[in-house]
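All remarks here apply to the structure that follows.
Quick note: the coordinates plus some simple rules give every number you see, no bench work behind them. Given the structure is predicted, the values throughout are model-derived calculations rather than measurements. For neighbour counting, all protein chains shown are included, and Cβ atoms are generated from backbone atoms with ideal geometry for every residue, glycine included.
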Amino acid sequence: NSAPTVNIIVNTPSNLIGMITHYSFEEGSGTTINNLVQDDLHGTLSGASSFDADCADGSYSLYFDPGWWNTIQINDDEQLDIRDEITISMWLKPSTIDTSHDYFAIQKSGAYMMDVCRSFGAVPHFYVYAGGAPAAGGSTQLKTDRWQHLAGTYDSSTGEIILYYNGSVDGIRS
């Protein structure tokens with residue numbers, strides 16, 4: 001078995017107010033991933049990753065080569081800490097679904113993580129480590145060769161964690 005490949009794309013929203021980071025991958029080459037919201041928190045691409053112009057609108061995505069540890073490293077910064085609420089979202093397009101490999105994770109160690117991993121059968125989860133490790137686990141397994149949207153939200157006033165798959169609620173933890 002070969003490890004799955006995942007392409008990730010981020011569309012630029014028309015209103016960036018309140019956002020801390022936003023990456024569109026329009027660099028097209030190199031190892032720097034620019035943050036479009038502010039002039040810091042840029043990422044560094046490592047591993048066998050490359051830019052791919054496979055999106056319907058001609059924009060770029062990132063291609064993560066199977067069998068490699070591919071990352072976008074963003075330096076730790078207090079701006080990435082959860083204060084009252086957080087939303088993390090991404091588009092992805094796996095070429096295969098193989099439950100013997102972890103697919104991807106967006107995380108701030110000890111704070112939050114969104115992942116699709118083998119231990120849950122390639123079903124997304126969104127974790128928030130506020131007083132433990134509660135998670136909203138999805139019920140929808142990712143599909144191959146099609147773009148899918150994942151979003152996770154957390155509201156500290158209610159303690160509610162919600163995972164969305166293609167705009168629909170896929171898991172809730174209160």
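Values for this structure:
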{"read-out": "Modelled FRET efficiency - R0 25 Å, Glu27 with Ile82, Cβ distances, 0.05 increments", "value": "0.35"}
{"read-out": "Long-range amide H partners of Tyr112 with built H, under 5 Å", "value": "Tyr129"}
{"read-out": "Calculated FRET value between Asp155 and Ser46, using beta carbons and R₀ = 35 Å, to 0.05", "value": "0.60"}
{"read-out": "Amide hydrogen neighbours beyond the local backbone of Val123, cut-off 5 Å, H modeled", "value": "Cys117"}
{"read-out": "Vicinal HN-Hα couplings computed from phi for segment 167-174 (Karplus, 6.51 cos²θ - 1.76 cosθ + 1.60; Hz; Gly/Pro x)", "value": "x, 10, 4, 10, x, 9, 9, 9"}
{"read-out": "For Gly171, distant residues with modelled amide H under 5 Å away", "value": "Leu163"}
{"read-out": "Table column - 3J(HN,Hα) (Hz), segment 143-149, Karplus curve with 6.51, -1.76, 1.60, x for Gly and Pro", "value": "9, 8, 6, 8, 6, 9, 10"}
